[in-house]
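Input: a single structure, listed below in structure tokens.
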Amino acid sequence: MHQWEKYWGTDTQVIVCGFSPPPFELPDFATFFSIGPQAAYPFGRWSDALIRVLNAFPKEKHFVLALEDYLLTQPVRRDIVHMAHDYMRQFDYVLKFDLCADRRFSGYATDYGLLGDVPIVKSDPNSPYHSSLYLGMWNRELMLKYLLVPNESPHDIEITGTARLAGYGDEVVVVGTVTDPWPVKITLGFRAQNPDGWELQGLSDEDIAELKKRGLVP
């Protein structure tokens, strides 16, 4: 929340989705939504939890999905984020607009025109991690229709979900930008190699010092 407020701002609607409310007060721009008891949603049913969240907000046609360990590292290019939203409203076959250059550097993307003066690329449906959950803007209806099925972990969604999407070809597309700085730059706060500790090397020295000063990280 500290990084979000610093780099994205406080005038966006943030919904923190989890099981038990966090043991600290959320800032005014964020609200908490309880998915239900954590025991009902083990790791292999992560997709069920996400389906529950999406069905709880039927009026939200598009949304940005950020997992809990995604830490913002630089000011968000909100102009590009807003243009991406306009693009998705215009082209309702866009499943995801990658905001983190994940598709740009995948090695499986082709030129796909312009977003204003910003080049965009289209992800190859047969590429690895075509359905990556890296931070991006999603079409809620298409995600429910084409990607999500019950009883899958996040890893399943990215791997077997990619295979499912490949079967639809260009019926639904995943796109991303080619711009520097990236529209949204993040680092992963936790990694499998170090499950019990923070990974802060993607943050600036200034951010690390501030987070430690505030007691937010050890």
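Just so it is clear, none of the values below were taken in a lab; they were calculated from the coordinates. A quick note: this is a predicted structure, and the numbers were derived from the prediction, not measured. Please note: Cβ atoms are built from the backbone with ideal geometry, for glycine as well, and neighbour counts cover all protein chains shown.
Summary of computed values
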| item | result |
| --- | --- |
| Relative contact order for the chain, counting Cα pairs under 8 Å that sit 6 or more residues apart, in percent | 25 percent |
| Euclidean distance of C-alpha centroids, region 1-42 and region 134-190, integer Å | 21 Å |
| MRE, 222 nm, helices only [DSSP H, n ≥ 4, -39500 (n - 2.57), over the chain, to nearest 500] | -7000 deg cm²/dmol |
| Under 12 Å from the Cα of K122 - aspartates and glutamates, other chains or at least 8 residues apart | D98, D102, D111, D170 |
| Distance violations [Cα-Cα > 19 Å] among K96/K185; K6/K61; K59/K185 | K6/K61; K59/K185 |
| Proxy reagent accessibility, fewest Cβ within 10 Å first, across R104, R45 | R45, R104 |
| Counted charge near V217, where neighbours are those whose Cβ lies closer than 11 Å (Asp, Glu -1; Lys, Arg +1) | 0 |
